[in-house]
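Have a look at the structure below, then the notes.
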Amino acid sequence: MPVRKMSSASLTLLPLLAAFVLFTFPFFLLIVNSFKSNGEILESPFALPQSVDLGRFADVVAKMNFLVTFKNTFVITSVSVFFILLFSAMTAHYLVRNPSRFANGFFALMVASMIIPFQSIMIPLVYIYGAKLHLIDTAPIPLLIALYIGFGSALSVFIYHGFVKSIPLELEEASFIDGCTPRQSFFKIVLPMLMPTSVTIAILNVLWIWNDYLLPSLVLVKEEVYTMPIKMKVFNGTYMNNWELLIPAILLTILPILIAYLFGQRFIIKGVMQGAIK
Amino acid sequence: MTGKSRIHRLANQAFFMGPTALFFATAILIPFAYGFYLTLTSITSPVSPVEFAGFANYAKAFQDKQFWDSMWLTLKYVGGTIAFVNAIGFALAFLVTSGMRGQNFFRTAFFTPNLIGGLMLGYIWQFIFVQSLPSVGEKLGIEALRLGWLGDEALAFWALVIVTIWKSAGYMMIIFIAGLIAVPRDVIEASTIDGAGPWRRLTRITLPLMVPAFVVTVFLTLKDAFMVYDLNYSLTEGGPYGSTKMVSMHVVQKAFVETNYGLGQSEAILLFVIVAVVTGLQVYFSKKWEVQA
């Protein structure tokens, strides 16, 4: 028996370890090479660095205008996600509690919109909000946030919709008897109960908004409003194949979200899992 | 119903649904509808006059060989990523639910690539394909690695597929884990008592019960693959010689680089129709496969 147990355990462990090496190797490469000079990188990309010099990071932080870019990305992501959560929860709750043909039709329209590829919207977007309304020149960040709220709302309403159905109606009825208006009942009773779902929805939205490239590249034309992916694109164009600058820049760009993952990985994996089941 | 309560109801409806409806219309409905209108005009750039042109753009789109080449390439990419991402995602899920210690550690590691945006993925793997693998190939004398993959027309396509697997397999793994956990233990035990071996249990019990999870993962891989842009742009920029230019990149170039809004938009609408038909068929047929436990 012990022999058999042993072999079945190694049957799982060996492929797991192999997959682990394959999945983490790019991160290893990124970290070790971010401390090397161009010569060292070309000579031996897999070797550990000969010395740990943080000077190159400081150089890259300055060249990327890192603090401003980080702030832009942070503001755009957090404001968008905040309003996605608030508005989607309000709408999903209303749709579940007040079914009507109009409500069902609106919900069906939102769900159906999820298969629209962004590419079939982007040209009219640029035309309407850029050429006609000039928002791309005058208010790029508010425009981008408004668009993210719109793009994020379909999936978020869908997930909230599934969850609201599981909340007992009696709780809300009790609050009405106690004298709450529908709005008070929503903000005092329902919204706090939606918290676990809100975490899930926040995670799903943060992941794509933080990393999005195509939409911001069309809307954010001026340098002072760049987000991190846009800045990285420009940086890559400027320092083509200059790996001693590019690699620390790549690492710095992905670092904020990796650090967030380090602290919240349990939540994040659970959140994605719950979002997927719905 | 009295007039006053009717007004109350409308006010509540506007309060709860208004913001979402407004932003949803701003970002999706209005541009989508306006997009159809643009395809019927001869507009080429934001400042050019809008003249009605009927279906001329669609006729041109059907004759645009580059568009159909990029569509065909995208379909190949869709097929390749669906097969590999789902197979590897399922295998990973199977391994990390076997009940051994440290499962959560592995789950965390396999999911990590999903934190990185498509653009950054492209840059990271550019370093691997351009700089790291050739140097290994050089030292060990492995010809396949010594070639720069991104400079070769066939290999560059597979480079894209590999990076997509690296990114997406961990996400699909998470969905499959949810599906695997939901497979009732008593069904598995009953089949074991009836004498089913591990392989039979997997193919006859677990996989059929996992169809709902596969409906979701195939849908997600399909949608992501049809819309791939960021990764394509940063890893290969469509090269070498346009051999990896996916349909999304073609549309972006048609509209914004070659400034042909009407034609680009018509091709984008064709893309929408193809995605809608393919995802519709996929969900319809895979729902038929579902079995009740």
Next on the checklist: Out of the helices (runs of 4 or more DSSP H) lying entirely within the range A:192-278, which hold 3 or more residues that are at pLDDT below 90 and more than 21 Å from A:THR73 (Cα to Cα)?
Outcome noted: A:243-277
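Could you check, for the range B:49-58, whether at least one of its residues is at positive phi and touching a helix residue (DSSP H, G or I) at 6+ places or on another chain (Cβ under 9 Å)?
In the first step, residues of the range B:49-58 are kept if they are at positive phi; the result is B:54.
From what's left, touching a helix residue (DSSP H, G or I) at 6+ places or on another chain (Cβ under 9 Å): none.
No; the residues of the range B:49-58 include none that is at positive phi and touching a helix residue (DSSP H, G or I) at 6+ places or on another chain (Cβ under 9 Å).
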Next on the checklist: Can you find a residue that is without any contact (Cβ under 8 Å) to a residue 24 or more places away in the chain, within 13 Å of another protein chain (Cβ to nearest Cβ) and either assigned to a helix (DSSP H, G or I) or at negative phi (or both) anywhere in the range B:60-75?
Outcome noted: no
Next on the checklist: I need every pair where a residue in the range A:83-107 that is at the interface with chain B (Cβ under 7 Å from one of its Cβ atoms) has its Cβ under 7 Å from the Cβ of a residue that is buried (at least 23 other Cβ atoms within 10 Å of the Cβ) and of a type in the set (Ser, Thr, Tyr), sequence separation at least 6 or different chains.
Outcome noted: A:PHE87/A:SER153; A:PHE87/B:THR20; A:SER88/A:SER153; A:SER88/A:SER156; A:SER88/A:TYR160; A:SER88/B:THR20; A:THR91/B:THR20
Item to check | Single residue of the range B:110-147 satisfying the filter (touching a Gly at 6+ places or on another chain (Cβ under 8 Å) and hydrophobic (A, V, I, L, M, F, W, C)) that is surrounded by the fewest Cβ atoms within 10 Å (Cβ to Cβ) | outcome: B:ALA144
Item to check | Subset of the range A:144-159 (residues that are open to solvent by 40 Å² or more (accessible area, probe 1.4 Å) and touching a Gly at 6+ places or on another chain (Cβ under 9 Å)) | outcome: A:LEU155
Checklist entry - Out of the residues in the range A:111-143 that are open to solvent by less than 20 Å² (accessible area, probe 1.4 Å) and within 19 Å of the chain's Cα centre (by Cα), which is farthest from A:ILE159 (Cα to Cα)? => result A:LEU143
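Which members of the range A:115-135 meet the condition of being closer than 30 Å to B:ALA276 by Cα, hydrophobic (A, V, I, L, M, F, W, C) and either in contact with a Lys or Arg (Cβ under 9 Å, 6 or more places away or on another chain) or not in a loop (DSSP other than H, G, I, E, B) (or both)?
Of the range A:115-135, the ones closer than 30 Å to B:ALA276 by Cα are A:115-132.
Checking the rest, the ones that are also hydrophobic (A, V, I, L, M, F, W, C) come to A:115-116, A:118, A:121-123, A:125-126, A:128, A:131.
A:ILE115, A:ILE121, A:MET122, A:ILE123, A:LEU125, A:VAL126, A:ILE128, A:ALA131, listed by residue number.
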Checklist entry - When the range A:97-110 is examined, which residues are found to be of a type outside the set (D, E, K, R) and open to solvent by 60 Å² or more (accessible area, probe 1.4 Å)? => result A:PRO99, A:PHE102, A:ASN104, A:LEU109
Checklist entry - What pairs come up if the first residue lies in the range B:164-176 and is under 10 Å from A:VAL272 (Cβ atoms) and in a helix (DSSP H, G or I), the second is open to solvent by less than 10 Å² (accessible area, probe 1.4 Å) and of a type in the set (D, E, K, R), and their beta carbons are under 8 Å apart, counting only those six or more places apart or on different chains? => result none
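Taking the range B:227-246, which residues are without any contact (Cβ under 8 Å) to a residue 60 or more places away in the chain and either in contact with a Cys (Cβ under 7 Å, 6 or more places away or on another chain) or not hydrophobic (A, V, I, L, M, F, W, C) (or both)? Spell out how you get there, then give the answer.
At the first step, the residues of the range B:227-246 found to be without any contact (Cβ under 8 Å) to a residue 60 or more places away in the chain are B:227, B:237-238.
Across the range B:227-246, the qualifying residues are B:GLU237, B:GLY238.
Can we say B:GLU189 is away from every other protein chain (no Cβ under 14 Å), farther than 22 Å from B:GLY89 by Cα and acidic (Asp, Glu)? It would help to see each step written out before you state the result.
Details: away from every other protein chain (no Cβ under 14 Å): yes; farther than 22 Å from B:GLY89 by Cα: yes; acidic (Asp, Glu): yes.
The answer is yes for B:GLU189.
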Checklist entry - Does B:MET17 meet the test of being within 13 Å of chain A (Cβ to nearest Cβ), in contact (Cβ under 8 Å) with a residue 60 or more places away in the chain, assigned to a helix (DSSP H, G or I) and surrounded by 18 or more Cβ atoms within 10 Å (Cβ to Cβ)? => result no
Checklist entry - Is at least one residue of the range B:82-91 within 29 Å of B:MET227 (Cα to Cα), at the interface with another protein chain (Cβ under 9 Å from one of its Cβ atoms) and in a helix (DSSP H, G or I)? => result yes
Item to check | Residue in the range A:179-188 that is open to solvent by less than 20 Å² (accessible area, probe 1.4 Å) and within 14 Å of chain B (Cβ to nearest Cβ) present | outcome: yes
Checklist outcome for this item: Restricted to the range B:98-118 and to residues being part of a loop (DSSP other than H, G, I, E, B) and closer than 25 Å to A:ALA260 by Cα, the residue nearest to the other protein chains (Cβ to nearest Cβ) is B:GLY117
Checklist outcome for this item: Flagged pairs (Cβ under 7 angstrom, 6 or more apart or on separate chains; first in the range B:25-44, in contact (Cβ under 8 Å) with a residue 12 or more places away in the chain; second open to solvent by 50 Å² or more (accessible area, probe 1.4 Å)) are B:LEU40/B:PHE52; B:THR41/B:VAL50; B:THR41/B:GLU51; B:THR41/B:PHE52; B:SER42/B:GLU51; B:ILE43/B:VAL50; B:THR44/B:THR259
Checklist entry - When you go through B:LEU160, B:LEU150 one by one, which is the residue that is open to solvent by less than 40 Å² (accessible area, probe 1.4 Å), in contact with a helix residue (DSSP H, G or I) (Cβ under 8 Å, 6 or more places away or on another chain), over 30 Å from A:LEU204 (Cβ atoms) and part of a helix (DSSP H, G or I)? => result B:LEU150
Checklist entry - Within the range B:236-246, can one find any residue that is crowded, with 16+ Cβ neighbours inside 10 Å, of a type outside the set (Lys, Arg) and in a helix (DSSP H, G or I)? => result no
Next on the checklist: Which of the numbered conditions does B:ARG200 fail, given that it passes all the others? Conditions: (1) closer than 30 Å to B:LYS288 by Cβ; (2) among the charged types (D, E, K, R); (3) open to solvent by less than 50 Å² (accessible area, probe 1.4 Å).
Outcome noted: (3)
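The values are calculated or read from the model by the stated rules, or taken from the named source; none is laboratory data. Note that the structure is predicted; figures quoted are calculated from it, not measured. Reconstructed Cβ throughout: ideal geometry from the backbone, glycine too, with neighbour counts over all protein chains shown. Heads up: the accessible areas ignore ligands, DNA and RNA and are worked out on the full protein's heavy atoms, side chains in. Shrake-Rupley method; radii C 1.70, N 1.55, O 1.52, S 1.80 Å.
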